[in-house]
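The values are calculated or read from the model by the stated rules, or taken from the named source; none is laboratory data. The structure displayed is predicted, hence computed values, not measured ones. Cβ sites come from the backbone with ideal geometry, for glycine too, and all protein chains shown count toward neighbours.
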């Protein structure tokens, strides 16, 4: 009696297409990104020449992102993000920060809006364009229900008027396409939010303060100021009929399955976890090689349990993080509900693993790890943001605890 059927149906092996993409992106990360990483970290400027190279080979393109999203098992995008962050997280975000805006459009827009706006997020190799997703505000980071940016409908002109200030926005102000989350009915909290596309060169949108950051310094982060920004009614993602119906349900006390900001974060968290994973892997590999070569007391330091056990733990946590990321990515693609906050688990564990692994890498290198002669100090600086953006570690734990308990924990 055959109890388990065909056991070969389950596999963690990557297929040939995934392996080829992984190698292609890894080669770009190794040969183009890594040699330039320290320079652009020091400059703290958008690495336009590297974005251009990525566009020239098709890495920064709508076709590539669509192919990555269309992987039936959902693993291609995490594979790509891990390799890019292994090359350099800041440059990787400069190249793929646009995908945040893309996900915001795909998660909230109609098929017609997706077809209209997503290609404009990338442009062409001859004319590169960028996108930004703007939700955070000075008084509304983790608490997105407190957004003050308002969107008011001008029925006579069929236009929405946006006013407010967004902060900590990747590609903020330099993007061609801004996807802005604003409050339509503030009394409803996050249930009263909607997402809007702000087209290129729209009057009233400007860049505010550009931030000088601890890490991911090649990625542009700035305020976005919205001063009587008028966009056509067609720029409301999902359309007004759908928004009106959702607001009506919310006013009647019915729950809404989709919230404008949360729909984007839920879709992107495994990919963000994969970026953290790439940083951790880079630090682990570098410190392993260093430990084999560095000699103290007449022998390589890898022969000491104090060092060897650190590396064993680093590898174990990295592999565990990857499994959580892959599971969440597969669940998202397969339409499986995150009943235990699996998307948040992946981002939380990978982000905290990256911080811990890069700190251990510095410890293994000792004084050498604390100076810029070695990249581990930069990786440590880069890693910290992965416990903060797209939901802090504390918010991820809140999401998970609510999911597993069914209790609205505060």
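Does residue 187 satisfy the criteria of being in the same structural domain as residue 157 (by TED's automatic domain parsing), at pLDDT below 90 and over 18 Å from residue 131 (Cα atoms)? Steps first, please.
Values: in the same structural domain as residue 157 (by TED's automatic domain parsing): yes; at pLDDT below 90: yes; over 18 Å from residue 131 (Cα atoms): yes.
Taking the combined requirement at face value, the residue satisfies it.
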What is the number of the single condition among (1) under 28 Å from residue 179 (Cα atoms); (2) more than 21 Å from the chain's Cα centre (by Cα); (3) at pLDDT below 95 that residue 7 does not meet? (1)
Taking residue 215 as meeting all but one of (1) within 30 Å of residue 380 (Cβ to Cβ); (2) surrounded by fewer than 19 Cβ atoms within 10 Å (Cβ to Cβ), write down the number of the exception. (2)
Hey, can you tell me all the residues within region 324-342 that are without any contact (Cβ under 8 Å) to a residue 24 or more places away in the chain and exposed (fewer than 13 other Cβ atoms within 10 Å of the Cβ)? 335, 336, 337
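Give 311, 348, 277 a once-over and let me know the one that is in contact (Cβ under 8 Å) with a residue 40 or more places away in the chain and over 23 Å from residue 97 (Cβ atoms). Steps first, answer last, please.
Details: 348 fails: over 23 Å from residue 97 (Cβ atoms); 277 fails: over 23 Å from residue 97 (Cβ atoms).
Residue meeting the stated conditions: 311.
Rundown of residues vs (1) at pLDDT 95 or above; (2) closer than 29 Å to residue 237 by Cβ; (3) in a helix (DSSP H, G or I), yes/no style:
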| residue | (1), (2), (3) |
| --- | --- |
| 262 | no, yes, yes |
| 277 | yes, no, yes |
| 310 | yes, no, yes |
| 321 | yes, no, yes |
| 324 | yes, no, yes |
| 332 | no, yes, yes |
| 345 | yes, yes, yes |
| 351 | yes, yes, yes |
Flag for residue 231 being in contact (Cβ under 8 Å) with a residue 60 or more places away in the chain, assigned to a strand (DSSP E or B) and within 29 Å of residue 95 (Cβ to Cβ): yes
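Having 1 or more residues that are surrounded by fewer than 24 Cβ atoms within 10 Å (Cβ to Cβ) is the bar; report the strands (runs of 3 or more DSSP E) wholly within region 70-175 that clear it. Give the steps one after another, and end with the answer.
Details: elements: 131-134, 150-154, 159-170.
Answer list for region 70-175: 150-154, 159-170.
Which residue, of 53, 112, 39, is touching a helix residue (DSSP H, G or I) at 6+ places or on another chain (Cβ under 7 Å) and at pLDDT 95 or above? Write out each step before concluding.
Numbers: 112 fails: touching a helix residue (DSSP H, G or I) at 6+ places or on another chain (Cβ under 7 Å); 39 fails: touching a helix residue (DSSP H, G or I) at 6+ places or on another chain (Cβ under 7 Å).
None of the other options fit; the residue is 53.
Kindly evaluate residue 383 against the criterion of being modelled with pLDDT of 95 or more, under 24 Å from the mean Cα position of the chain (by Cα) and surrounded by fewer than 18 Cβ atoms within 10 Å (Cβ to Cβ).
Numbers: modelled with pLDDT of 95 or more: yes; under 24 Å from the mean Cα position of the chain (by Cα): yes; surrounded by fewer than 18 Cβ atoms within 10 Å (Cβ to Cβ): no.
Taking the combined requirement at face value, the residue does not satisfy it.
Being within 21 Å of the chain's Cα centre (by Cα) and without any contact (Cβ under 8 Å) to a residue 40 or more places away in the chain narrows it down to one of 111, 138, so name that one.
Values: 111 fails: within 21 Å of the chain's Cα centre (by Cα).
Within the list 111, 138, the selection yields 138.
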What's the number of the condition residue 187 fails, among (1) assigned to a loop (DSSP other than H, G, I, E, B); (2) over 28 Å from residue 213 (Cβ atoms)? (1)
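Scan region 171-193 residue by residue and report those that are out of contact with any strand residue (DSSP E or B) (no Cβ under 6 Å at 6 or more places or on another chain) and touching a residue at least 40 places away in the same chain (Cβ under 8 Å). Spell out how you get there, then give the answer.
Here is the first cut: in region 171-193, the ones out of contact with any strand residue (DSSP E or B) (no Cβ under 6 Å at 6 or more places or on another chain) are 174, 176, 185-191.
Answer for region 171-193, where residues must be out of contact with any strand residue (DSSP E or B) (no Cβ under 6 Å at 6 or more places or on another chain) and touching a residue at least 40 places away in the same chain (Cβ under 8 Å): 174, 176, 185, 188, 189, 190, 191.
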What residue, of 219, 212, 146, is under 24 Å from residue 98 (Cβ atoms) and in contact with a strand residue (DSSP E or B) (Cβ under 8 Å, 6 or more places away or on another chain)? 219
Residue 401 vs. criteria modelled with pLDDT of 95 or more, more than 30 Å from residue 305 (Cβ to Cβ) and either over 18 Å from the mean Cα position of the chain (by Cα) or in the same structural domain as residue 81 (by TED's automatic domain parsing) (or both): yes
When region 31-47 is checked residue by residue, the ones that are closer than 17 Å to residue 286 by Cβ, surrounded by fewer than 20 Cβ atoms within 10 Å (Cβ to Cβ) and under 21 Å from the mean Cα position of the chain (by Cα) are 34
Touching a helix residue (DSSP H, G or I) at 6+ places or on another chain (Cβ under 9 Å) and modelled with pLDDT of 95 or more: is that true of residue 61 in this structure? yes
